[in-house]
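Since every read-out is calculated from the coordinates, none of them should be taken as a lab result. Values in this document were obtained by computation on a predicted structure and should not be read as measured data. Every residue, glycine among them, receives a Cβ derived from its backbone with ideal geometry; neighbour counts consider all protein chains shown.
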Amino acid sequence: MPELPEVETTLRGIEPFISRKVIAHVLIRERKLRWPVSPGLASKIIGEKILGVRRRSKYILIIFRHGAILIHLGMSGHLRIFPANQSVQKHDHIDLVLTNDKLLRFHDPRRFGCFLWVEGDPFQSKQLVNLGPEPFDDEFCARMLFDRSKRRTTSVKNIIMDGNVVAGVGNIYANESLFRSGISPNRSARRISLARYEKLVHSIREVLTEAINAGGTTLRDYSKATGDPGYFSQQLSVYDREGKPCYICAGIIRRKVIGQRGSFYCPQCQN
DNA sequence: ATCGCCTCCTGCGCGC
DNA sequence: TGCGCGCAGGAGGCGA
């Protein structure tokens, strides 16, 4: 489920139900996540009002007066709103029960996600402080990619998936935006012209925008019983299409591992 | 600073 | 039908 568009979709989905609401109690059934759930979490937030919800990269921030909850969904996590008496399923690790008789539930089978209390300004936390600009910030531009790539030896795909370069571009959307801009994922980042980086920046924004508008991408969706799927999977050009014909040239989509991640591309359309 | 590799964990789909 | 294998939307941490 979770890449940037899925996280954004989650944020928009939960915000109306939790913003300005007060925490009645907190149920933690499993503390063993990416990092252990903060021991003092419950005592920090019970009786406190949620001032707002924000996203930074693929992190979700639930803002309180003197700190924030920093949530990451990892590979398999989701956050959903339920009635306060909702029954508990496997991998339902944390509930924030609100005084409006709803609860916000964190569910994550693989437990690569996190659910942390951050005291003070969450943007100064170690997870967020070194992140690159958001893809829609002006600071993210062809010139910046071009300049930063000069000193790098790695592939362009690894560059755009490097959160310190640009925040929140995950594997699906890296593959898709490289296809749209006609750039091979394996191409050395420092051998790409400024003009091609212009196309790439445009493609990244376009793909992310379309995916957000489609409600994200649902692929192997182990949760369709409770959650609505996203529809961007119907618009994927290369991701998970190994062996199938390219929609542009009918050539065969190939798969190659780059940076330990499956990478899909059309050898004819991308170079 | 950067690179590639490893790791955490569960679930699913495939071939035999 | 059951089992083993490979793969999965992330990203921190390691040694080199």
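Things worth noting here:
- Residue match in the range A:117-134 (condition: assigned to a strand (DSSP E or B), within 24 Å of A:Leu4 (Cβ to Cβ), within 16 Å of DNA strand B (Cβ to nearest atom) and touching a residue at least 60 places away in the same chain (Cβ under 8 Å)): no
- Output for the range A:113-152, where each listed residue is over 18 Å from the mean Cα position of the chain (by Cα) and among the hydrophobic types (A, V, I, L, M, F, W, C): A:Trp117, A:Val118, A:Cys141, A:Ala142, A:Met144, A:Leu145, A:Phe146
- Residues in the range A:237-271 that are within 16 Å of DNA strand B (Cβ to nearest atom) and of a type in the set (Gly, Ala, Ser): A:Gly243, A:Gly259, A:Gly262, A:Ser263.
- Among the residues of the range A:1-58, those that are of a type in the set (Gly, Ala, Ser) and in contact (Cβ under 8 Å) with a residue 12 or more places away in the chain comprise A:Gly13, A:Ser19, A:Ala24, A:Ser38, A:Gly40, A:Ala42, A:Gly47, A:Gly52, A:Ser57.
- Filter result (surrounded by fewer than 19 Cβ atoms within 10 Å (Cβ to Cβ) and within 11 Å of DNA strand C (Cβ to nearest atom)) within the range A:98-126: A:Pro109, A:Arg110, A:Arg111, A:Phe112, A:Ser125, A:Lys126
- For A:Ser188, the conditions (1) in contact with a Pro (Cβ under 9 Å, 6 or more places away or on another chain); (2) on the phi < 0 side of the Ramachandran plot; (3) among the small types (Gly, Ala, Ser); (4) surrounded by fewer than 21 Cβ atoms within 10 Å (Cβ to Cβ) all hold with the exception of (1).
- Those residues of the range A:54-79 which are away from DNA strand C (no atom under 16 Å from the Cβ), closer than 18 Å to A:Leu11 by Cβ and surrounded by fewer than 22 Cβ atoms within 10 Å (Cβ to Cβ), in sequence order: A:Ile63, A:Phe64
- Of the listed requirements (1) closer than 18 Å to A:Tyr59 by Cα; (2) within 11 Å of DNA strand B (Cβ to nearest atom), A:Gln89 misses just one: (1).
Yes or no, residue by residue, for (1) away from DNA strand B (no atom under 16 Å from the Cβ); (2) closer than 21 Å to A:Ser233 by Cβ:
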site: A:Met144; (1), (2): no, no
site: A:Arg151; (1), (2): no, no
site: A:Ser155; (1), (2): no, no
site: A:Asn164; (1), (2): no, no
site: A:Phe179; (1), (2): yes, yes
site: A:Ser184; (1), (2): no, no
site: A:Ser193; (1), (2): yes, no
site: A:Lys199; (1), (2): yes, no
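- Out of A:Leu79, A:Leu96, A:Leu104, A:Leu73, one residue alone is within 16 Å of DNA strand B (Cβ to nearest atom) and in contact with a helix residue (DSSP H, G or I) (Cβ under 9 Å, 6 or more places away or on another chain). It is A:Leu73.
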